[in-house]
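What follows is calculated from the coordinates using simple rules that are stated; it is not laboratory data. For clarity, every value in this text was computed on a predicted model and none was experimentally measured. We place every Cβ from the backbone using ideal geometry, glycine too, and count neighbours over all the protein chains shown.
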Amino acid sequence: MRIRFWGVRGTIPVPGPDTIRVGGNTSCIEVRTSDDQLIIIDAGSGIRRLGQMLQQETTGRITGNILISHTHWDHIQGLPFFSPALGRNNRFVLVGQKRVDKRLEEILAGQFIEPYLPFSYKTLPADLIVKEVNNGETIIIGENTSVQVAELEHPGGCLGFRIENDGVVFAYCSDTSHPDGGLNENVLRLAEGADLLVHDTHFTSMAERNKFSDWGHSAWLEAAQVAIEARVKALSLFHYAPDVTDDEVEEMLGRTRAVYPRTMMAREGLTVHLPLPQEVW
Ligand SMILES: [Zn+2]
Ligand SMILES: [Zn+2]
């Protein structure tokens, strides 16, 4: 399985001199399975460059699944600028959760309207199929991949994903908080024994996390505790707050490694092949 990071930031894109090494685009990860299925996790602003790359590298039709953890803006705002959606023969299955009284398709289409954009969702030439999933459900992709979804702890709801492909496990738990003094059960279940866990590290300290405990995000220490408790093989920091500079992300990496040594720092352009060889650490 191959993982490539296209956007690692939360809340809003923040290009600039302080974010140049880690990257300023919002959440988007590309996953390639052993049978060459394309799975995109979240459609933050990072999906724009992924779309360009797919068009350059693919001859013929582009097909894939786009898993939407939730529809806060930093996880869907890149979708209108995902150029493969403008290709007539391309086909994408958008997987996510409906909100209380709104279908997922309606929510996604809601950002493609005048006066925000000059074109509508309905006029996109690609074949877009929306599949709603619920907590605890598992979907099958291609010949040998399953995706288990579970509800995390975030205002308005958010899904975490556990992708199992050919004996390799990749877990994505962004945008989640943990109960005071404990760890979210669904996060632990999704992460159990994963080759790589990508976990929300929006907050750079527990003091900050405690101050904004209703925001639905985690501090690096909680991510490290999940990694230990769920016996993952590697952890990646992810979903950095917009004001966190490259230097601060690197400091956070150092602190996390002191607790859980097999930690990496997600940054734009980073490619990871799973399973990771032992000597990486
Ligand atoms: Zn977010
Ligand atoms: Zn969110």
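3J(HN,Hα) along the range 142-155, derived from phi through the Karplus expression 6.51 cos²θ - 1.76 cosθ + 1.60 where θ = phi - 60°, amounts to x, 8, 8, 10, 10, 10, 9, 10, 8, 6, 9, 10, 7, x Hz, with x in place of Gly and Pro. Cross-link candidates for LYS211: which aspartates and glutamates have Cα within less than 20 Å, leaving aside residues fewer than 8 places away along the same chain? Result set, ordered by chain and number: GLU153, ASP175, ASP180, ASP200, GLU222, ASP243, GLU248.
Taking amide H positions as modeled 1.01 Å from N, with prolines and chain starts lacking one, the residues under 5 Å from LYS131 and 5 or more places away or on another chain are LEU94, VAL95, GLY96.
For LYS102, the lysines whose Cα falls under 30 Å of its own Cα, not counting residues fewer than eight places away in the same chain, are LYS122, LYS131. Could you work out the helix-only [θ] at 222 nm for the chain, with each DSSP H run of four or more residues adding -39,500 (n - 2.57) and the total divided by the number of residues, to the nearest 500 deg cm²/dmol? Computed ellipticity for the chain at 222 nm equals -5500 deg cm²/dmol. Note the angle between two axes, namely the Cα long axis of helix 220-229 and the longest principal axis of the Cα atoms of the chain, as a number of degrees from 0 to 90, rounded to the nearest 10. Between the helix axis and the principal axis of the chain, the angle is about 80 degrees. GNM, the chain, Cα, under 10 Å: largest mean-square fluctuation among GLY156, GLY46, GLY64? Taking springs between Cα atoms under 10 Å, the residue moving most is GLY156. Projecting label points 7 angstrom from Cα along Cα→Cβ for ILE228 and THR123 puts them 5.6 nm apart.
Return the FRET efficiency for the residue pair ARG103, GLU137: r is the Cβ-Cβ distance, R0 is 22 Å, and the value is rounded to the nearest 0.05.
0.85
Taking Cα atoms, how many degrees apart are the long axis of helix 246-259 and the longest axis of the chain, rounded to 10 and kept between 0 and 90? Tilt relative to the chain: about 50 degrees. For the pair the range 229-254 / the range 55-117, the C-alpha centres are spaced 27 Å from each other. Reported to the nearest whole Å, the Cα centre-to-centre distance from the range 18-42 to the range 131-184 is 16. Taking 7 Å steps out from each Cα toward its Cβ at ASN89 and MET53 produces label points 2.3 nm apart. Counted residue by residue at 0.36 nm each, then reduced by the alpha carbon distance between them, the extension gain from SER34 to ARG2 reaches 10.7 nm.
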